[in-house]
Amino acid sequence: MNTATLTREPAAGTPVAHRAPLRPARVVLHLFLGAIAIGWLFPVLWAVLTSLRSYEYTATHGYVSLGGWTFDNYITAWRTAEFGKHFLNSVYITVPAVLLTLFLASCVAFVIARFNWKLNIVLLGLFTAANLLPQQALLIPLFRIFTEVPLPAFMSDSELLYDSYWGLILINVAFQCGFCVFVLSNYMKALPRELYEASMVDGASIWRQYWQVTMPLCRPALAALATLEVTWIYNEFFWATVLMRSGDKLPMTSSLNNLRGEFFTDNNLVSAGSVLVAIPTLVVFFLLQKQFVRGLTLGASKG
């Protein structure tokens with residue numbers, strides 16, 4: 001059989017698709033995005049490179065050199081900073097803070113999305129405005145409150161909010177609720193109102209409408225926010241350093257201070273500790289990558 005017969009010629013008048021030439025503007029855009037990506041990853045890659053080299057070698061040859069490879073920095077950082085114990089402290093703070101944030105934010109978002117009150121916008125703005133305040137501006141009044149407010153004995157590892165796990169949990173919940181309310185309220189507004197009308201016909205109370213109708217439909221949004229909140233609360237450094245006095249209660253990020261000497265700091269050791277601290281958030285991101293990316297765009301839909 002002649003192979004020429006297998007080739008079908010386009011009919012007369014049929015447009016032939018051609019690959020569009022790569023425009024200079026698109027090339028410039030790709031180069032710009034590539035440069036931004038390299039600039040963003042450079043500190044991380046430099047920290048990993050520094051952590052794998054001995055201090056003696058870098059002190060002799062400088063940090064802009066190759067050689068002196070070792071894993072001893074990771075072993076020393078793990079033992080010196082006691083990351084195993086401090087990781088459990090991070091779990092004690094992060095898990096309750098994330099659960100409380102999502103529960104309270106979902107309650108407020110349900111009220112804003114379900115009921116048409118005149119103060120809905122004011123209520124949403126009140127919760128969102130908390131994210132606009134710099135945390136440092138509230139340092140002094142919050143510190144005084146935490147050093148004067150006692151905690152009940154059944155829920156306290158300390159007599160006061162200061163130097164307690166519950167103090168860090170409450171401060172994280174307070175600062176994270178605004179963003180979660182904003183995202184969840186937009187998501188809930190997009191749900192069909194016919195669902196609530198049908199549930200009211202069946203005699204469902206407001207609580208059942210919230211718990212059995214709305215919350216199951218908000219699982220994608222809750223999963224995305226949970227991924228974001230775990231990352232943000234786990235990485236929180238400022239309030240743990242300010243509101244914690246006992247070194248054995250510090251979360252994992254704040255325990256990096258244990259690697260600093262009074263007169264000398266081994267940057268190779270600190271880099272190894274920073275990489276160890278970042279590993280849990282990287283694991284969470286790669287396991288829940290789809291929810292993480294979705295969380296960046298949930299609030300962009302019109303509601």
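What follows draws every value from the coordinates through simple rules; no lab data is involved. Keep in mind that what you see is a predicted model, and the values were worked out from it rather than measured. No Cβ is skipped: glycine too gets one built from the backbone with ideal geometry, and neighbour counts run over all protein chains shown.
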Total lysine pairs whose alpha carbons fall under 26 Å of each other in the chain (8 or more apart, or interchain): 6
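For TRP40, TRP232, which order do you get if you count the other beta carbons within 10 Å of each Cβ and list the fewest first? Mind dumping the intermediate values first?
Numbers: TRP40 9, TRP232 18.
Ordered by Cβ neighbours within 10 Å, fewest first: TRP40, TRP232.
What ranking do 247-260, 185-198 get when scored by the average of other Cβ atoms within 10 Å per residue, highest first? Working shown, then result.
On the way: 247-260: 19.4, 185-198: 15.2.
Ranking the peptides 247-260, 185-198 by packing returns 247-260, 185-198.
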Backbone N under 12 Å from the ASP202 label point (7 Å along Cα→Cβ), restricted to segment 79-113: none
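Within the chain, which DSSP H helices have Cα atoms that stretch 24 Å or more along the helix axis and a mean Kyte-Doolittle hydropathy of at least -0.5? Please list the in-between numbers first.
Values: long enough: 24-51 (40 Å, 1.66); 83-114 (45 Å, 1.52); 165-189 (35 Å, 1.22); 267-287 (30 Å, 1.84).
Correct list, ordered by number: 24-51, 83-114, 165-189, 267-287.
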Amide hydrogen neighbours beyond the local backbone of LEU160, cut-off 5 Å, H modeled: LEU151
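Given charges of +1 on the Cβ of Lys and Arg and -1 on the Cβ of Asp and Glu, with all other atoms neutral, how large is the dipole of the chain about its Cα centre, in debye to the nearest 20? Write down the numbers at each step before the final one.
Numbers: 20 positive and 16 negative charges, 249 e Å.
Computed about the Cα centre, the dipole is about 1200 debye.
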Gap separating the Cα centres of segment 208-256 and segment 58-73, nearest whole Å: 37
Spin-label model distance (nm) - ARG23 vs ALA130, 7 Å beyond Cα toward Cβ: 4.5
Sequence-distant residues sharing a close amide H with MET252 (under 5 Å, placed H): SER90
Reported label for calculated Cα Rg over 2.2 N^0.38 Å given [x] 1.38; [y] 1.04; [z] 0.91: [x]
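Which net charge results when you count Lys and Arg as +1 and Asp and Glu as -1 among the other residues whose beta-carbon is under 15 Å from that of MET200? Each step should come with its number before you reach the end.
Numbers: positive: ARG114, ARG193, ARG208; negative: GLU194, GLU197, ASP202.
Result for the local shell: 0.
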